[in-house]
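Worksheet: the structure to be examined is printed underneath.
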């Protein structure tokens, strides 16, 4: 028996009053998964992108690949919920550095935002990010999110590799080629 205000057990359907579930279920197929284009619609309808323009298909692909643990190319509700938490954090960080409310951040603001999120990137790494994502020296929210997704993926891969390599005494560092090659 379900009681009002309580969610279902592990793997069950979320509580019906969860507003994110309403947005998710409005676009999800019968399998309870959303594709790239459905994610774009869901994020637009839910207002997660705020007053910024809708996320591009490429950014939506990156977001799905970041959380696609089963390799299906789709996202379930729990993954969507995890994504929305990350997006809200990134949106708050972006807004705090978009002081002129232009919907973009410049290089120094981008560096500060990345530092705030706990990353300490070299000037060369920042140049790679700026060259990849900026237009006239400014990064829009969609591109900011893309760079955050890639940083999260890179640091996750690096942590895995570092753990493996420490057993044999090899030190590794994340490769910035992911930014240039368009990999997630």
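The values are calculated or read from the model by the stated rules, or taken from the named source; none is laboratory data. None of these values were measured; they are calculated from a predicted model. Positions of Cβ are generated from backbone atoms using ideal geometry, with glycine treated the same way; all protein chains shown enter the neighbour counts.
Observations
- Region 71-96, residues that are on the phi > 0 side of the Ramachandran plot and in contact (Cβ under 8 Å) with a residue 24 or more places away in the chain: 73
- Condition check for residue 73: surrounded by fewer than 17 Cβ atoms within 10 Å (Cβ to Cβ), more than 10 Å from the chain's Cα centre (by Cα) and modelled with pLDDT of 90 or more: yes
- Condition check for residue 7: surrounded by fewer than 19 Cβ atoms within 10 Å (Cβ to Cβ), modelled with pLDDT under 90 and under 22 Å from residue 152 (Cα atoms): no
- Residue check, residue 113 surrounded by 18 or more Cβ atoms within 10 Å (Cβ to Cβ) and touching a helix residue (DSSP H, G or I) at 6+ places or on another chain (Cβ under 9 Å): yes
- Residue list for region 96-135, filter: closer than 18 Å to residue 52 by Cα and part of a loop (DSSP other than H, G, I, E, B): 98, 99, 100, 101, 102, 103, 134
- Members of region 64-82 that are more than 17 Å from residue 29 (Cβ to Cβ) and in a helix (DSSP H, G or I): 65, 66, 67, 81, 82
- Residues satisfying the stated conditions in region 129-157, i.e. in contact with a helix residue (DSSP H, G or I) (Cβ under 7 Å, 6 or more places away or on another chain) and surrounded by fewer than 17 Cβ atoms within 10 Å (Cβ to Cβ): 137
- So residue 41, is it touching a residue at least 12 places away in the same chain (Cβ under 8 Å) and touching a helix residue (DSSP H, G or I) at 6+ places or on another chain (Cβ under 9 Å): yes
- A single entry from 48, 34 fulfils the requirement of being modelled with pLDDT of 90 or more and either within 30 Å of residue 129 (Cβ to Cβ) or surrounded by fewer than 19 Cβ atoms within 10 Å (Cβ to Cβ) (or both): 34.
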